[in-house]
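What follows is a short report on a single structure.
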Amino acid sequence: MKEKKNNPKNAREASGYTDAIALLSVIQNITHQLFAVENIADINKLIASEFKDIDQFNATVLLLNREKTRLEIAATTGRHTRLMASMKKTLGISLEGTFVNLDKAAAFNQVVKTGRPFHMPVKESLAQFLPGPVMQFIEKVTPGSHDRRTILSPIKINSETVGVFSLSCPPEVSIFMPLVENFTMHLSITLEKIREKKRRQDVEEEQNHTIALLKSINDLALELTTLPSATDLHGFICSWLSRTTKAKLSVVDEYDPVEKSIRISRLEAAPAVEGRIRNVVQASLGELSWPLSDTVYSHLVRERAIVAPSLRELLFNAVPQETCDALEAAIGPGDRYGVVFHHNDKLFGTAAIFLEEGASPISEDILVIFSTMVSAAFQRQANEIELQMSEQKYRKIFESLRDIYYKVDPEGRVMAISPSIAHAGYTPNEVIGRNFSEFYARSQDRSQFLQTIYAKGEVFDYEIRFRAKNGSLLSLSVDAHVIFSDDGRPAAIEGMLHDITQRKQIEEALIRSRQELEIRVAERTEDLYQANEQLKIELGRRKRTEEVLRESEAKFRRLVQQSKDAIFLVSRDGEVIYASPACEAIFGHAAEEFLADNDLADRLVHPDHQAAYAKTWEIFRQSQVYPETPIKVPFIHKDGHLVYTENNITSILDDTGVLVGIQIIIRDITQRTLAEAELKASEEQFRNLAEQSPNMIFINNMGLLAYVNQQCVDIMGYTREEYYSDEFDFLNLIASEFQDITRERFGMQMQGANVPPCEYVIVTKSGKRINALLSSRVIAYGKGKAVLGVVTDISARKKTEQDLIRAKEMLERQNEELKKIDRIKDGLVRDVAHELKTPVAKQAMQIELLKETCEQCQNREKGENIVKVMEEAVRRQEKVIRNILDLSRLEAGGRKYRIAPVRLDHVVSEVLMYYDGIIKKYNGAVSVTLVETTVQSDAEMLFHVFSNVVNNAVKYRERTRPLKMTVSMEIAAGKAVVKIGDNGVGLEGDERLLAFESFYQASPSSEGSGVGLSICKRIIEDLKGAIRLESDGKGKGTTAVVELPVESS
């Protein structure tokens, strides 16, 4: 046989085989070390290190950017690095940061989109992303590079291309392509592991960040409930945001309802950021406020949180776009959030949070919780301020009263009394709590008063004798009415006490004067009476009348000169005989004007009351009977303002009882009338605020509830009648474990101690327990002091706290599970590495044969066959690796099944053919009974399942006897049933179930990783089927039964 001469083609092939051996050695070294790689930088170092001694290859790893528009260099060989350094030195051109633009690089784009490898001349591949001068330099310094080829192999994770592995190699591409694809698969596994580890770290960091934020918000909720009403909430919130979120900029805005604008109230930022922002605002806007339209207002009161808004949206579209652009540049990149504070369609303000770029995000749920809590704090602060202003106004009116206001309960105990009780020598504290009957001159007078007022419901100008502190008796006029409870029972009596002591003294003086006058007249007229009785009657009556009036006038003029009440003496004919100086203070007209004009007083009556006033006086004149109680008449002052008065009218009679004139005492009660009206309005406003409050509000007076709002009734289930009953025990509302501390706190408060709000548990009428926060303070009430309390339902907050605790415990458990999974995966990787030794060993054997063949290059056909065998081994290794990756994703829920019509009998036959050589190796025999069956399923996954079952039959055979297997198939109840039995070691008891548990092995010496059957079970269940093991015990073999639906899965 003629020997073949050496030729260039054979030489290139031999050289190609040599290069392939060198490349395989490098790839194997890198592959063995990839399992220890932690990041991309380690991959770069590994590739540069292993490729440094083989200049015929240049390797580069390129990864897709986030936008998937270009490939960026992640790792490259040392030769590539040296070439770039030489280029920078020679041409002054730097290729650092060079990337491949997919829009311009067609070949690279094709690999990324199709996910299939591709090869092309090196010159063409470089020309797709390098400029002309660089290409010329490369051709100059690397002569002969035009014969070299570039292999582009896709890097995939979960079937998605994430990068490209580029290898510049000699022209024998067919030899190097399988090695490149094999290496790319190993590289894909490593990148998937790196990304998964990074993903878990990011998830854990985000969870920890969320837990920290929730804890901070919980602490904020506690702080907000105890903040004084005068706290600057805007500054407090801004400081909290900066401190908690570590934002580079926190802004809190305040809404001005008058100007309808938003104003920046507080701003905290890094000095450089704050300075830039203020410069932009002052240069563009001139002030830190913006108008707010009605439309934007309506939108805001429906929002709580705005995630990742535009800056223009954060500024309510009220700021020009160019200003927004300038602010964007001043603030810089990073996530931003908006928060709106409102309650019941009432806007309080907004906040904006700007985070550093890359900082942990804030969830929308946390922003909503934060908005709700802060809005409630704003509303609570507004309510407290309004209540304080109402209370101050009420107290100012109450303390300015000249007459005495009082209020007593049905038993007569004084509940409240105005400071004007000082006219009787007492302080309010000396009177409150005592029985009012103690101050009456006679106890029976109190009984008569109660009979009268309970019969009529009210009294006016009721006279009583009141004992002053110094023991003297004062004459008081009482205007009072009964306050009834909802069930119609008397709950209290309140009214006004007017001091009429001076008036009574004047009346007594008039009586004494009349008596003295009668005695003197009788002595003087004794002689005349004897002479002419008729003349005495006619003339004496007139004279006595005039003298009585004049004498009375002279005597009581001195008493009334200093009186603040206007006093008139009017004759029987309607002539004004006397008007006191106080007339001018009350009416604005001097006393002389009334003496000169008898009708002046009638004309000063308010027009709306003149008709009724005239009618009343006409009845008085005709009957000559005047009322015992004062009548109230409104007059018009000389300057035009309204004067409310109280008129006491008294008849002046001669010694025979004939009317000779009347005395009118007019008291200015304008201030008292207005004060009473304001007092009632203030009390009503306070009551309305309390009734509308979402919290429970009560007044505890010495252990008895004096007031509860509607929330107390709705939440606790008791009626107001039950609350106000004397038998009602306030402590019944409190859980037994908190009663002692509550009693102690109330005692401390009554002694003047400042007791902070506390949490406790209240119990409703139905027995429901509610977590609550009690805020209380001492107020003046009843005998002296009472406790005003506000109870807030904090059940939701308590539930949130418990949820946080449970969430934390769950996260800790999940963390432990992740650690356990990491350990399991590490073991699985070791097992996979062990399983890969067999195909790698085969490759080594083939390579040895390749070396021998290369020594005798003339045998080209044999060399080609060896290469084909090597390629087949590599492909099988690739298939094994891909199956393992698919099964790993299956456990993680990431496997996408490829459902299609599958001939089940063909799949079982292919598995038996695959294992035919191994079964015969152990002198085994297989009995097969199959029927033609088609199912909707995944052929590849079914092949894996039946391969695992057959492999187990071989692996767990009985070593003392030949292997026998039976394979059968039938259709029953709409299912295809496949049974694969053997005569192996068998199973007993729970082992038939435990065999499907992950990593379970019957004995420590068992082969494999113990995950095969658990994976099979997961696959079959995902395909809507079932798998089980049947065995009669040890040494009696095992039968695997697989059921699959014949219908579509």
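Scanning segment 720-735 for residues that are surrounded by 15 or more Cβ atoms within 10 Å (Cβ to Cβ) and not aliphatic (A, V, I, L, M) returns 720, 722, 723, 724, 728, 730. Of the residues making up segment 569-618, just one is in a strand (DSSP E or B) and more than 21 Å from residue 652 (Cα to Cα), namely 605. Here 931, 908, 935, 926 are screened, and the one residue that is farther than 21 Å from residue 986 by Cβ, surrounded by fewer than 20 Cβ atoms within 10 Å (Cβ to Cβ) and touching a residue at least 40 places away in the same chain (Cβ under 8 Å) is 931. Criterion applied to 744, 759 was being more than 29 Å from the chain's Cα centre (by Cα) and not aliphatic (A, V, I, L, M), and the one residue passing it is 744. Take the conditions (1) under 29 Å from residue 478 (Cβ atoms); (2) modelled with pLDDT under 85; residue 633 misses just one of them, which is (2).
Rundown of residues vs (1) closer than 26 Å to residue 627 by Cα; (2) in contact with a Ser or Thr (Cβ under 6 Å, 6 or more places away or on another chain), yes/no style:
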site: 404; (1), (2): yes, yes
site: 424; (1), (2): no, no
site: 428; (1), (2): no, no
site: 438; (1), (2): no, no
site: 449; (1), (2): yes, no
site: 474; (1), (2): yes, yes
site: 477; (1), (2): yes, no
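Which one of 954, 950, 967 is in contact (Cβ under 8 Å) with a residue 40 or more places away in the chain and assigned by TED's automatic domain parsing to the domain that holds residue 1015? On inspection, the qualifying residue turns out to be 967. Counting the residues of segment 334-392 that are in contact (Cβ under 8 Å) with a residue 60 or more places away in the chain, not in a helix (DSSP H, G or I) and not β-branched (Val, Ile, Thr) gives 13. Screening residue 93 against (1) surrounded by fewer than 18 Cβ atoms within 10 Å (Cβ to Cβ); (2) assigned to a loop (DSSP other than H, G, I, E, B); (3) modelled with pLDDT of 75 or more leaves a single unmet condition, (3).
When 112, 173, 122 are checked against the criterion of being crowded, with 19+ Cβ neighbours inside 10 Å, touching a strand residue (DSSP E or B) at 6+ places or on another chain (Cβ under 6 Å), modelled with pLDDT under 85 and in the same structural domain as residue 43 (by TED's automatic domain parsing), a single residue qualifies: 122.
Yes/no per residue for (1) under 30 Å from residue 674 (Cβ atoms); (2) out of contact with any Phe, Trp or Tyr (no Cβ under 6 Å at 6 or more places or on another chain); (3) at pLDDT below 75:
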| site | (1), (2), (3) |
| --- | --- |
| 487 | no, yes, no |
| 497 | yes, yes, no |
| 515 | no, yes, no |
| 519 | no, yes, no |
| 524 | no, yes, yes |
| 531 | no, yes, yes |
| 548 | no, yes, yes |
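Within 19 Å of residue 591 (Cβ to Cβ), among the hydrophobic types (A, V, I, L, M, F, W, C) and either crowded, with 19+ Cβ neighbours inside 10 Å or touching a residue at least 60 places away in the same chain (Cβ under 8 Å) (or both): does that describe residue 665? Spelling it out, residue 665 is indeed within 19 Å of residue 591 (Cβ to Cβ), among the hydrophobic types (A, V, I, L, M, F, W, C) and either crowded, with 19+ Cβ neighbours inside 10 Å or touching a residue at least 60 places away in the same chain (Cβ under 8 Å) (or both). Of the strands (runs of 3 or more DSSP E) lying entirely inside segment 654-742, those carrying at least 3 residues that are out of contact with any helix residue (DSSP H, G or I) (no Cβ under 6 Å at 6 or more places or on another chain) and closer than 30 Å to residue 564 by Cβ are 659-668. Selection over segment 440-471 of residues that are of a type in the set (D, E, K, R), free of Cβ contacts under 8 Å to residues at least 24 places away in the same chain and either surrounded by 14 or more Cβ atoms within 10 Å (Cβ to Cβ) or on the phi > 0 side of the Ramachandran plot (or both) gives a count of 1. Looking only at residues of segment 619-651 that are in a loop (DSSP other than H, G, I, E, B) and charged (D, E, K, R), we find that the one that is farthest from residue 661 (Cα to Cα) is 639. Does segment 630-638 include one or more residues that are more than 19 Å from residue 576 (Cα to Cα) and out of contact with any strand residue (DSSP E or B) (no Cβ under 9 Å at 6 or more places or on another chain)? Yes, the conditions are met somewhere in segment 630-638.
Yes or no: segment 385-394 includes at least one residue that is more than 26 Å from residue 258 (Cα to Cα), modelled with pLDDT under 75 and of a type outside the set (Asp, Glu). There is at least one residue in segment 385-394 that is more than 26 Å from residue 258 (Cα to Cα), modelled with pLDDT under 75 and of a type outside the set (Asp, Glu). Listed here are the strands (runs of 3 or more DSSP E) enclosed by segment 221-325 that have at least 3 residues being closer than 19 Å to residue 371 by Cα and at pLDDT 70 or above: 249-256, 261-269, 305-307.
The number of residues in segment 1013-1038 that are surrounded by 21 or more Cβ atoms within 10 Å (Cβ to Cβ) and over 17 Å from residue 948 (Cα atoms) comes to 1.
Yes/no per residue for (1) small (Gly, Ala, Ser); (2) surrounded by 19 or more Cβ atoms within 10 Å (Cβ to Cβ); (3) under 20 Å from residue 173 (Cα atoms):
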{"residue": "20", "(1), (2), (3)": "yes, yes, yes"}
{"residue": "30", "(1), (2), (3)": "no, yes, no"}
{"residue": "41", "(1), (2), (3)": "yes, no, no"}
{"residue": "54", "(1), (2), (3)": "no, no, yes"}
{"residue": "67", "(1), (2), (3)": "no, no, no"}
{"residue": "74", "(1), (2), (3)": "yes, no, no"}
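Going through (1) surrounded by 14 or more Cβ atoms within 10 Å (Cβ to Cβ); (2) at pLDDT below 80; (3) within 60 Å of the chain's Cα centre (by Cα) one by one, residue 10 falls short only on (3).
The values are calculated or read from the model by the stated rules, or taken from the named source; none is laboratory data. Computed from a predicted model, the values in this text were never measured in an experiment. Note: ideal-geometry Cβ built from the backbone for every residue, glycine included; neighbour counts use all protein chains shown.
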